[in-house]
1. What is the sum of charges around residue 70, taking Lys and Arg as +1, Asp and Glu as -1, for the other residues whose C-beta is under 14 Å from the C-beta of residue 70?
2. Where nothing but the Cβ of Lys and Arg (+1) and of Asp and Glu (-1) is charged, how large is the charge dipole of the range 2-75 around its Cα centre, in debye to the nearest 20?
3. I'd like to know which of 50, 38, 22 lies farthest towards the positive end of the charge dipole of the range 2-75, counting +1 on Cβ of Lys and Arg and -1 on Cβ of Asp and Glu.
4. Sum up the charges of everything whose Cβ sits under 12 Å from the Cβ of residue 2, counting Lys and Arg as +1 and Asp and Glu as -1, but leave residue 2 out.
5. Given labels modelled 7 Å from the Cα in the Cβ direction, how far is it in nm from residue 27 to residue 13?
Amino acid sequence: MAQERKEKENGLRYLESERQRHLAEKRLRLAMRSLEESSHREAELQKLLAPAFVQSDRIREEAVVEFRQSLEFKAFIKGALKSSVNMFGSALLDRGLLSREDLEGLDMNECILSRSRSYQCPFFNM
């Protein structure tokens, strides 16, 4: 009788372990299916987003090129302006219109820009 009860308990434990195993397998299959679906969704999203990433990269590259060109242009203009200011200062000195001391104290850039601002350049007030 004790042995029958023990066999019955073992049988119940076996059935319980089988039920737990089936439940674990079911959960594992569900998790694997969810993972696979997630991978498919991710691949679809990457396909949809790829053109946007390419366009974003292209726009960023174009913006960098434009920025570099604007810096190069500004540097060119600055160099040309400096050269012009130096030539203008030399011409004023050569013609005796200004002394070297007056020229050194004069901000030629401000004088040139004074027509578009309210800045008063001493040279133009002579």
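1. Computed value for this residue: 0.
2. Details: 16 positive and 15 negative charges, 92 e Å.
Roughly 440 debye, rounded to the nearest 20.
3. Checked the options; the winner is 22.
4. Values: positive: 5, 6, 8; negative: 4, 7, 9.
Every neighbour counted, the sum reads 0.
5. Rounded to a tenth, the inter-label distance reads 2.2 nm.
Rule-based calculations on the coordinates, nothing more; no lab input. None of these values were measured; they are calculated from a predicted model. Glycine also receives a Cβ, built like all others from the backbone with ideal geometry; neighbour counts cover every protein chain displayed.
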